[in-house]
């Protein structure tokens, strides 16, 4: 697995204001509205439930008793809550919520590293639209894989799908940009296509179940990651119409 530490930003031409706002919004929602992840009822109100998107109808379920598989302790978990907005709007609201601190920090770290370059290329307004659009496509990809069965009633949330779209755009626009990573416990520098490509390969393999459990059992919506990434790859060029990406630095060609 590859974990990015940073990339070459010396040719960045603008302050990534939108990226900063997106990160701040995600942190704000998690801290204030989700109460650091403790307000399950708020989270369940605004998460994306595949069955709701497919039918267009709000689904409400009773609280249930859940047993922790590790400790054996039982606790009461809230059921699906009434959605106070149109169910289709949860495709947007779910993008700004997270399941825990580690989930939030991991997503924001990737957005911090890869988002600023894409915003610099697209411009602030286009980047905002691009981020939200790829996030919606990612959520719909997850819904498409869970139209029925138990998975259709499991809420999904997180910025991972939209960030996957940003990484897809990064791969297209900056395939040779130098990215510092930790790979196989070694700190090294690799071109963008290696850093992002290996990440996507892991998502694809995991989503297909080649590494054991699928997304339903692992708790990770791999279909959203793959769908968001492919959306980013396909849509970034049309979004670049009339703009020019930052020129590759000479050191980028060493790969």
Identify all residues within region 98-131 that are assigned to a loop (DSSP other than H, G, I, E, B) and more than 15 Å from the chain's Cα centre (by Cα); write none if there are none.
123
What are the pairs, 6+ residues apart or on separate chains, where a residue within region 93-111 that is under 17 Å from residue 134 (Cβ atoms) has its Cβ under 6 Å from a residue that is surrounded by fewer than 17 Cβ atoms within 10 Å (Cβ to Cβ)?
96/25
Just one of (1) more than 19 Å from residue 51 (Cβ to Cβ); (2) in a helix (DSSP H, G or I); (3) at pLDDT 95 or above trips up residue 140, so point out which.
(1)
Do we have any residue at all in region 48-63 that's within 19 Å of residue 106 (Cβ to Cβ), assigned to a helix (DSSP H, G or I) and free of Cβ contacts under 8 Å to residues at least 24 places away in the same chain?
no
Could you list, in sequence order, all residues of region 76-92 that are closer than 14 Å to residue 53 by Cβ, more than 13 Å from the chain's Cα centre (by Cα) and outside any loop (DSSP other than H, G, I, E, B)?
87, 88, 89, 90
Only one of these conditions is not met by residue 169: (1) over 30 Å from residue 62 (Cβ atoms); (2) surrounded by fewer than 17 Cβ atoms within 10 Å (Cβ to Cβ); (3) touching a residue at least 60 places away in the same chain (Cβ under 8 Å). Which number is it?
(2)
How many of the residues making up region 148-166 are buried (at least 24 other Cβ atoms within 10 Å of the Cβ) and not in a loop (DSSP other than H, G, I, E, B)?
8
Name the residue that is nearest to residue 146 (Cα to Cα), counting only residues in region 172-207 that are at pLDDT below 85 and surrounded by 13 or more Cβ atoms within 10 Å (Cβ to Cβ).
207
Within region 122-134, how many residues turn out to be touching a helix residue (DSSP H, G or I) at 6+ places or on another chain (Cβ under 6 Å) and either under 11 Å from residue 162 (Cβ atoms) or crowded, with 24+ Cβ neighbours inside 10 Å (or both)?
5
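The values are calculated or read from the model by the stated rules, or taken from the named source; none is laboratory data. All figures in this text were calculated on a predicted structure; none of them were measured in a lab. Glycine also receives a Cβ, built like all others from the backbone with ideal geometry; neighbour counts cover every protein chain displayed.
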